[in-house]
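Okay, structure first, notes after.
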């Protein structure tokens, strides 16, 4: 079974959202794969691998195809969809600060 899901977290599938996806994938007795819908089966990667998931470079607003097989496939798909359709950084007050890049502005002047 499979589902197409739009990625809502502002960071896409990078850092914290990818980590949460991998942890969620590992909770179920199911084989989960994820990829871009247009890439077909050859573009799917294991959803239980942080390196594979972040390597997709999926951005906010992009759609992904999630494929699940196994005894808990339905529950796994539901959990992954719930994770990807909710902004995970809401409680993280620092998420907005990192986007400005202001904290590194002074570092560039030191390396003359």
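Here are some notes:
- Full extension of the chain segment joining residue 51 with residue 86 gains 10.4 nm, where the gain is 0.36 nm per residue of separation less the Cα-Cα distance.
- Cα-Cα separations in region 1-78 greater than 15 Å, expressed as whole percent: 49 percent
- Calculated FRET efficiency, residue 15 to residue 63, Cβ-Cβ distance, R0 = 22 Å: about 0.65 to the nearest 0.05.
All of the numbers you see were taken from the coordinates with simple rules; none came from a lab. Computed from a predicted structure; not experimentally measured. Note that we place each Cβ from the backbone using ideal geometry, even for glycine, and neighbour counts take in every protein chain shown.
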